[in-house]
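The values are calculated or read from the model by the stated rules, or taken from the named source; none is laboratory data. Since the structure is predicted, the reported quantities are computational estimates derived from the model, not experimental observations. Heads up, the Cβs are rebuilt from the backbone with ideal geometry, glycines too, and the neighbour counts pull from every protein chain shown.
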Amino acid sequence: MNIVIVEDEIPAAEQMRHFISSYHHPVKITGVYSTCAEIIQYLNENEGIDVVFCDIELRDGNALNALQQIDLKSVIIFTTAYDQFWSESLQHNGIDYLLKPITVEKVHSALDKVLTLKHIFTKNNVLLKQLSGMLQQKPGINFRKRFPVRVASELFVLDVADIMFFRITNGVIFAVLSEKKKYPLTEETLSALEEQLDPQLFFRVNRADIINIRFIRSVRIDEGSDYTVLLKNSEEKLTVSQSRIGQFKTWFI
């Protein structure tokens, strides 16, 4: 089993090398890298990599954003000190998510999972990716259908299907129904809100906006391959972040 380590802290990288090398199944560590640029180049130029142990926050950027730029043919085991990337990691061949501090037990358990998946479903990467989503999916998710809103002394409910998009402004999240109708919500972060929404209907196009697919009139591709979302019955235009264009095309088309 060919393995690559991506970790920008030297002691952590050496510890990971030691943990992997002590695994009971034959393994070969083909490289240790510390930046997004290095791992993109390596994976683009080399085939036959089975597993990548990948830290998320690297010295030159976020590995999740970097992995969007390549056609992944390896499974990824993410290692990080932060739990907020759990959901997004599933979109990048992620089959496990190890929170630091990393232990030899966590590493070996993750490698056991890789072998089990390969044994049952062969080395077909498409099947592995589909299965990883099912394995990591949080059970019993019920997506939000409505949001309570209070304006002055009135309390009423917004149907999620009527919301064009959600936008965070100065730390406050608004549900936008039209150019003249927007209502503040109680949710504290856009990431927390995103997990409550049906991903088939809603997509986070940038740091500030989550769009409802039912309100998309068209998508304009500007010079430089910038994507701009045009809305039905509205002059509002939403820009898709460069790092999210690949995921957006898969979601929208």
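In summary, strands (runs of 3 or more DSSP E) completely within segment 188-247 and bearing 3 or more residues that are modelled with pLDDT of 90 or more and within 15 Å of the chain's Cα centre (by Cα) occur at 202-204. Across segment 173-191, the number of residues qualifying as crowded, with 16+ Cβ neighbours inside 10 Å and β-branched (Val, Ile, Thr) comes to 2.
Okay, residues lined up against (1) in contact with a strand residue (DSSP E or B) (Cβ under 7 Å, 6 or more places away or on another chain); (2) farther than 15 Å from residue 177 by Cβ; (3) without any contact (Cβ under 8 Å) to a residue 40 or more places away in the chain:
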| position | (1), (2), (3) |
| --- | --- |
| 205 | yes, yes, no |
| 210 | yes, no, no |
| 230 | yes, yes, yes |
| 237 | yes, yes, yes |
| 242 | no, yes, yes |
| 246 | no, yes, no |
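Restricting 6, 52, 32 to those that are in contact with a Lys or Arg (Cβ under 8 Å, 6 or more places away or on another chain), in the same structural domain as residue 111 (by TED's automatic domain parsing) and surrounded by 14 or more Cβ atoms within 10 Å (Cβ to Cβ) reduces the list to 32. Residue 174 satisfies every condition listed in (1) farther than 21 Å from residue 251 by Cβ; (2) modelled with pLDDT under 90 except (2). The single condition from (1) farther than 18 Å from residue 252 by Cβ; (2) in contact with a strand residue (DSSP E or B) (Cβ under 6 Å, 6 or more places away or on another chain); (3) loosely packed, with under 12 Cβ neighbours inside 10 Å that residue 224 fails is (2). Of everything listed in (1) more than 27 Å from residue 36 (Cβ to Cβ); (2) touching a Leu at 6+ places or on another chain (Cβ under 6 Å), the single unmet condition for residue 209 is (1).
In summary, helices (runs of 4 or more DSSP H) completely within segment 1-80 and bearing 1 or more residues that are modelled with pLDDT of 90 or more and not acidic (Asp, Glu) occur at 10-21, 36-45.
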